[in-house]
1. For the list (1) at pLDDT below 95; (2) under 30 Å from LEU290 (Cβ atoms), I need the number of the one condition that PRO24 fails.
2. Let me confirm something: among VAL115, VAL30, which residue is in a strand (DSSP E or B), open to solvent by less than 20 Å² (accessible area, probe 1.4 Å) and over 30 Å from LYS486 (Cβ atoms)?
3. So if I check each of LEU222, LEU217, LEU227, which one is closer than 24 Å to LEU160 by Cβ, surrounded by 14 or more Cβ atoms within 10 Å (Cβ to Cβ) and not basic (Lys, Arg)?
4. Could you list, in sequence order, all residues of the range 68-85 that are of a type in the set (Ser, Thr, Tyr) and within 12 Å of the chain's Cα centre (by Cα)?
5. Condition first: surrounded by 12 or more Cβ atoms within 10 Å (Cβ to Cβ) and either in a loop (DSSP other than H, G, I, E, B) or polar (S, T, N, Q) (or both). Now tell me which residues in the range 456-474 satisfy that.
6. May I ask you to verify whether VAL35 is more than 30 Å from VAL501 (Cβ to Cβ) and either at pLDDT below 95 or under 30 Å from the mean Cα position of the chain (by Cα) (or both)?
7. Please go through the range 1-27 and give me each residue that is within 22 Å of GLY550 (Cα to Cα), in contact with a helix residue (DSSP H, G or I) (Cβ under 7 Å, 6 or more places away or on another chain) and either surrounded by 17 or more Cβ atoms within 10 Å (Cβ to Cβ) or in the same structural domain as GLY385 (by TED's automatic domain parsing) (or both), ordered by number.
8. So which of VAL220, VAL208, VAL242 ends up being under 30 Å from VAL115 (Cα atoms) and touching a Ser or Thr at 6+ places or on another chain (Cβ under 8 Å)?
Amino acid sequence: MTKPADFPPPFRTADYVAAPSDPPEERIDVGVLIVGAGPAGLACGIRLGQLLEEAPEVRERLGEVPVAILEKGKQAGSHLLSGAVVNPRSLRRLFKGRKRLDEMPFYGPVEHESVYFLTHKSALRIPAPPTMKNEGNYVASLSRLGRWLAEQAEEAGAMLLPETVAEKLLVSDGRARGVRTGDKGRGRNGQPLGNFEPGSDLVAKVTVLAEGTQGHLSGVALDRFGLTGENPQVWALGVKEVWKVKRPLGRVIHTLGWPLRGGANFREFGGSFIYPMGEDMLTLGMVVGLDYRDVELSVHDLLQELKLHTLVRKLLEGGERVEWGAKTIPEGGFLALPKQLHAPGLLITGDGAGLVNVPALKGIHYAIESGRLAAEAAFASLQRGQTPATPGALAGYDEALRESFVWKDLLEVRNMRPAFGRGLILGGALAGVMTATKGRFPRRDLRLERDADVDLIRTDRAKSYPAPDGKLTFDKLSSVFASGNKTRDDQPNHIVLQREVPQDIALLWERMCPAQVYEATETGVDVTPSNCVQCGAISAKGGRLTPPEGGSGPEYTLT
């Protein structure tokens, strides 16, 4: 059978690794360089600021810019998207009395929650699985939380550099030296335009990769330093909408079942979430594992179909969609972790490391905790008599992570995600035993299979997708507009994939992409890069995203 892995992208890691090339006087020197202004990167910047405040002699030795944070979006939060129900544990540890939870931009604590098993016409309320209970957690917009964390990082002394893409990992003498930023102002064919600005070498004593899901340099670093673990990472795609509604929701809702099919031959794993955002807004989304087989499956269209269900339709009645977005989620958990998360001069954090608990639907507090621990490891390596370039100098990060609640949580649920590859019913039964034994069952760990290695089938699934009406259901192009996408039409292509592929592969990519980037043709696939919202799905299913121009892509404010 056809599978995406048979048509790998023409991508070479070596093209994105280089030694510093700018003359020394033109390089930008920083103490610690953090790539990515998401929860992990911003937590790292905040914690470094706290530590440097108590160690002025270390701050002085780090130069004019002790801590810099690169962000490829227009501002911090522009590319952040999640449910999100946040466990506040890591935020409490990060701020340690400096900030109270009621000072943070949450919509409020989870007061009530419901889980439903859906069929096409009914909704059966079921007990919440132990891993999914949210007592003590808080509802948030991740993009809004990201903007707030960025303010705290800047107050702590970090320099935030928005609209700046890290294109290449700088490596010399076997150690990470920083990154080279991408050029700005090039045309479709790479020619310099009137506003052209060349990239620069940012050289650092420690580089912290906090790029989030499908991180470009995280993947490059794992290959370059031989850090890849025994199992491949696997992914899910989430598509989300924010609605202004007439009536407050007042509870957190999760659903299983329809519109996904439960048969093991389909391998459709996922569900939906509906969360309140204050009195007059809610957010809903559909998340589906990218190891599905049917080339006609479209997560965006499944979300539109979900909204026709009586349970969901009545919540949205009289409302208005105000924002849309899409993002991949690493789902391999403990089994897919790299064999180590540091290299000389380098640390990898958050979603880029795969720190997500799929059964609990949680990853934000793990990202924050990993960023905090990375800051402490980096700070320890910068003391007099220490050097981050020495092999093992940053090993304290791995050691601290293994002693943390992050490691314990992921270890207990490590086999749940692959269990659901056997179908919803059998997978659910196995997950129940795994929960009861706290991960001691099964005795031997299950294996993960790359999403791109799954054999494809083709059904007539697309016939049941609803036609967009512009009020309740929407097409992909209008949804891209609702993401605030800022990509220039004449920007260079940042998507690497084979163009001449069989029809099944081309149709898979066309249906899978929530932003209508790919169009199946008689000979393969056409690509419209300017539609891309940088969700990362193509990197799981046979292509590869490379860094687009800084400042391009979505501009989320509520996701």
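The values are calculated or read from the model by the stated rules, or taken from the named source; none is laboratory data. No experiment lies behind these values; they were computed from the predicted model shown. Backbone-built Cβ (ideal geometry, glycine too); neighbour counts: all protein chains shown. Each accessible area value is taken on the protein alone, full model and side chains, heavy atoms only, with ligands, DNA and RNA left out. Shrake-Rupley method; radii C 1.70, N 1.55, O 1.52, S 1.80 Å.
1. All conditions pass for PRO24, except number (2).
2. VAL115
3. LEU217
4. Matches in the range 68-85: SER82 only.
5. Taking the range 456-474 and keeping what is surrounded by 12 or more Cβ atoms within 10 Å (Cβ to Cβ), we get 456-459, 461-462, 464-466, 468, 472-474.
Scanning the range 456-474 gives LEU456, ARG458, THR459, SER464, TYR465, PRO466, PRO468, LEU472, THR473, PHE474.
6. The answer is yes for VAL35.
7. TYR16, VAL17
8. Only one candidate passes the filter, namely VAL242.
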